[in-house]
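Note sheet for the following structure.
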Amino acid sequence: MKKSIIFLIVLSVAFNACKKDRESNSSYADVYIINQGIFGSSTAEISGYNPDEERVTNQLFRSANPNAELGDVAQSSYIIDDELYVAVNNSHKIEVLDAVTLVRKRVIVLPEGNYPRYMVDGAENELVVTNLYNPNVLRINRETGEIVDSIKVGYDSEGIVKANNQLYITLPGSWPEYHNQVAVVDLSDYSIEYVNVGVNPTRVAVDNQQLVWVLCIGTWGAANASLYAINSVTNEVVHSASLSGSPADFALNVSANELYVDNGSKLQVYNVSSKSMKTDSIQRGGFYDIAYSALENKIYAVDPLDYTQNGLLFIYGTDGSKINSDTLRVGVIPGYIQIQ
Amino acid sequence: MKSLFLSGFVAIILWVYPCTLQAQVKDSVYLPELIILEDAFEKVEFQLGADIKKVKLGSSVSNQSLADILQTLSPLFFRNQGAGLVATVSQNGFAPHQTKVEWNGMEINHPMVGLVDFSIISSNFISEAEFSSTYSQANPGSMALGGVIHLKTNNENTSRSSLQYEQAQFGKYGFQFDVSSKQNSFVKLAYSQAQNDFEYYNPVFGTREKRKRNANQSIGFQAGKRFSVANKELNSTLWLQHIFREIPGAVGTTASDATQQDGWIRLSNELVLENGEKPWKFYANFSVDKLDYRDTLLASAGSDELSKSLSYKSQIRTTKRLLFSRTVWSDFNLERLDNWVNTNNYDELKFRGITRFISHSTITVTKSIFLYPIIQLEHFSDFGWALSPSLGTSWEWKKNRFQWFGSISRAYTAPSLNALYWPTLGDPNLKPEEAIKLEFGYRFKWENKTLSVKQSSSYLLADIKNGIQWIPVQSQWRPQNILALKQQAFTANVELKYAVQSWYISLVSTINMAESIIQKSRFEGDESVGNTLMYIPDIQFKQWFQFGIRNVQLDVNYQRVGNRFINLSNSDWLDPYQQVDVRISGKKRFRRMQLECGLYVNNITDERYSVIKGYPVPGRITGIIIKTTLN
């Protein structure tokens, strides 16, 4: 009896003493991985990859901001000058961080009912933000955080790029009725023009010919995915091609005129000059996001695995050869790669 | 203003009410919650091969949810989303859907999700809770992979009536009215509501704010009657409950406008056909459960705004002791359980029927060694035949002083109906989760006229196959039988009581350590092998101190809950927290009436923590309880 009581006391003291300590991380990195975190739990985080050291550092946001949380579902990021903007979808906010130290500079809280997705710098001092479950794209004053105005595009909006002083915004709509247009917004007067593309347009990118490439991922199970190119001068579709499989993302290599398409089990290479598929598969596909680093001429890709544990970062050459030899663990549900 | 008005109204009732009844007042102890270790030395029954614990809830317990009370007073861990929100049980690291919960012998797990939300069970309506991770007398295996929690509402043969009013911070108030008679009947009515608008720090926005849309409201009615006809005894209890609550969602996520309405009608009947050496009982239990969830966000995502369901349950069981001798006695159970679920989430009415045969025996090997074999054979309408045997043993090493016990058992839990039939995502080919469980431990007690000491320890090891996990398959979240787990848990209790003429002191300490380790890789790149599942505290330490002198009593509850991992890489976790609750109460007798008053301060150190990530709990809360009793 006496021994049992002593045992319990010892256990109690021992377990009070063995509180875990989180590591303190330095925040310098050339590549940021924006981790969504587990939905509904405000566990979004930022990982950094340093190519020189070939090392991943996790939980950079918490290290830089010990009493803060990034929020729920960090969707994407965007760098303007020395600031990193992070769209936190389910927390309806834009987190503005120092792009190097990741220290919080300010928080732009959006009204309820706005779900920020992707961003681009707009006219003057504005940030333009696409919006899920909402037909309005937001124009936000970057300094004050005020919503200057909204652009009524009529549908859920997703990808956004700027070309020829115009914004190209994909309008995928939402399940079960997907949409098939790209809204073209003139930044001089905010007039809107619509260009018809394939079903469920999501990703968008601009090549060195000022062609706007649009990935339309189609309807699940319907095999109607497609790739479109829009001339940003005339705003006419100059090319379209059907894609077999279930593409999820693409990344543009401007100098090589190559578009890397993450398509189901394949990582494909599409030549934007010849407008034809160059290589059907250079690597496995099925990633959550891919990005091309022009500085390193490498493809970065992230895999969220089972969405409940730390995901993986892969680095490939443009021929599909795997570059990283070590397993690179990033945060939970890595969903966006920010190349600095 | 509304609460002030109600407070005044209740105060008037408290004043007038005693004058309207003619009765003698009996002694009662305020807040008489106690952890009582099953007294193995006096009760030679089947469950002695397992570590079984019991919490007795007094009739004058405050108006807390069962989750709040058991989290403080038992080794159980509740995944509590905060005041007024969902709280599911994790017993020794098992998942909530793996623990079978019964009320008066009726299984009350919701068939759609397979679990029970303890936050909506008012402690006013429960007399005692008994729990074990291995097997128990009534249901040793099926649907009880993680064990069984038996909740009971007792029909006490006393003549008494009482009215209780409670008011606390954050808009919480409630009252309870009880009447019981020596004619073996009782009626209970309880109402409570709370705003739960406490202040907290929001780290996502870097602001201090009040919890919004977090109100709840609950009303319940219970009535019981024991009938005696031709030497047969029928004990019936009816329970009606309705709960409305707002669901605010996690902090830093999109503000939800969701609301949930739960309700049920439950009727339990126990018919004692024979007593004595060969008892024979018959049970007939019925329930209708409503669960409606409304969220406009669901509509914006393309689903129905309102998810609604009605579940119907019928359970018929007979238990008879067919064999009774000096060395062997055996009980046999035959049961039929039918579940129907009607919901707009399924394409049609879903049904699960279970026919169950159980035999459990006690075999006396020597004067001090017993064996407890159990055989359970069942037929599921959707899974066919299943066999869940178990074998327990106990050895009374020192008579009336020290006992060893142990058991080995097989158990399984069939998938919930949501896992099977949720539109486009459910998998009708899922297999039941299975487990082999081993438990051993000891019990010790020593007592004299003034001092009582009880101590027990147990170790549990479980090997789980076909564990169900929802993971993305081709971009869609689907349940799969992919988890192989090894679970370990250690639990120890110490209970000390010292009482002399006018004062008493009591100290109960519990420690529980649990882990649930993933054993096999589930896919390429899986780094979770060797890690523990999420939201299982590595340690819980709870201590309850009670001191009473004459008519005044002081209760101090302390609990410390350890790290809980929040991802399967175990790379992030919630830090430990500790909480201290203090209550002081007194009673005064006025001829026919007894007046009791209590003041409590929960979380007196104002600890700020979350049990589940993103769900803050209130800091310090102060409340009062006033109760009058007549009999």
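Odds and ends about this structure:
Per-residue answers, yes or no, for (1) touching an Asp or Glu at 6+ places or on another chain (Cβ under 8 Å); (2) under 24 Å from B:Lys152 (Cβ atoms):
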{"residue": "B:Thr259", "(1), (2)": "yes, no"}
{"residue": "B:Val272", "(1), (2)": "yes, yes"}
{"residue": "B:Ala299", "(1), (2)": "yes, no"}
{"residue": "B:Thr319", "(1), (2)": "yes, yes"}
{"residue": "B:Leu322", "(1), (2)": "yes, no"}
{"residue": "B:Thr327", "(1), (2)": "no, no"}
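- The numbered conditions (1) closer than 29 Å to B:Trp477 by Cβ; (2) within 14 Å of another protein chain (Cβ to nearest Cβ); (3) basic (Lys, Arg) are all true for B:Arg443 except (1).
- Hey, A:Ser246 crowded, with 19+ Cβ neighbours inside 10 Å and within 14 Å of another protein chain (Cβ to nearest Cβ) or not: yes
- Residue in segment A:191-218 that is nearest to A:Tyr178 (Cα to Cα), counting only those that are open to solvent by less than 20 Å² (accessible area, probe 1.4 Å) and assigned to a loop (DSSP other than H, G, I, E, B): A:Asn200
- Long-range neighbours under 7 Å by Cβ, at least six apart or interchain, first residue closer than 15 Å to B:Gly467 by Cα and open to solvent by less than 20 Å² (accessible area, probe 1.4 Å) within segment B:516-528, second at pLDDT 90 or above and in a strand (DSSP E or B): B:Ser516/B:Leu485; B:Ser516/B:Gln487; B:Ser516/B:Thr532; B:Ile518/B:Leu483; B:Ile518/B:Leu485; B:Ser528/B:Ile518
- Scope segment A:102-137; condition among the polar types (S, T, N, Q) and either modelled with pLDDT of 95 or more or part of a strand (DSSP E or B) (or both); matching residues: A:Thr130, A:Asn131, A:Asn136
- Boolean, B:Trp239 is under 26 Å from the mean Cα position of the chain (by Cα) and either among the aliphatic types (A, V, I, L, M) or away from chain A (no Cβ under 14 Å) (or both): yes
- Within segment B:265-287, the set of residues being acidic (Asp, Glu) and surrounded by 20 or more Cβ atoms within 10 Å (Cβ to Cβ) comprises just one member, B:Glu270.
- When residues of segment B:252-264 are limited to those that are within 12 Å of chain A (Cβ to nearest Cβ) and open to solvent by 10 Å² or more (accessible area, probe 1.4 Å), the one nearest to A:Ser42 (Cα to Cα): B:Thr253
- Close Cβ contacts (under 8 Å, 6 or more residues apart or on different chains) running from residues in segment A:184-195 that are at positive phi to residues that are surrounded by 11 or more Cβ atoms within 10 Å (Cβ to Cβ) comprise A:Tyr190/A:Asp149; A:Tyr190/A:Ile151.
- Which numbered condition A:Ser41 misses (of (1) within 23 Å of B:Arg208 (Cβ to Cβ); (2) in contact with a strand residue (DSSP E or B) (Cβ under 9 Å, 6 or more places away or on another chain); (3) facing chain B (nearest Cβ under 8 Å)): (2)
Conditions tested, residue by residue: (1) touching a residue at least 60 places away in the same chain (Cβ under 8 Å); (2) under 17 Å from B:Phe205 (Cα atoms).
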{"residue": "A:Asp82", "(1), (2)": "no, no"}
{"residue": "A:Ile94", "(1), (2)": "no, yes"}
{"residue": "A:Asp98", "(1), (2)": "no, yes"}
{"residue": "A:Leu102", "(1), (2)": "yes, yes"}
{"residue": "A:Pro116", "(1), (2)": "no, yes"}
{"residue": "A:Ala123", "(1), (2)": "yes, no"}
{"residue": "A:Tyr133", "(1), (2)": "no, no"}
{"residue": "A:Glu143", "(1), (2)": "no, yes"}
{"residue": "A:Glu146", "(1), (2)": "no, yes"}
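- Taking the criterion of being surrounded by fewer than 21 Cβ atoms within 10 Å (Cβ to Cβ) and either within 14 Å of chain A (Cβ to nearest Cβ) or at pLDDT 95 or above (or both), the only residue of segment B:540-555 that qualifies is B:Gln543.
- Annotation: of all residues in segment A:256-282 being β-branched (Val, Ile, Thr) and assigned to a strand (DSSP E or B), the one that is surrounded by the fewest Cβ atoms within 10 Å (Cβ to Cβ) is A:Thr279.
- Candidate set: segment A:51-71, residues that are among the aliphatic types (A, V, I, L, M) and at the interface with chain B (Cβ under 9 Å from one of its Cβ atoms); chosen: the one farthest from A:Val88 (Cα to Cα): A:Ala68
- Some residue of segment B:591-601 being assigned to a loop (DSSP other than H, G, I, E, B), within 14 Å of another protein chain (Cβ to nearest Cβ) and either open to solvent by 30 Å² or more (accessible area, probe 1.4 Å) or modelled with pLDDT of 90 or more (or both): no
The values are calculated or read from the model by the stated rules, or taken from the named source; none is laboratory data. Just so you know, these numbers come straight off a predicted model, no measurement behind them. Counting neighbours? That spans all protein chains shown, and the Cβs are built from the backbone with ideal geometry, glycine included. Quick note on the areas: whole protein, heavy atoms, side chains included, nothing else; ligands and nucleic acids left out. Shrake-Rupley method; radii C 1.70, N 1.55, O 1.52, S 1.80 Å.
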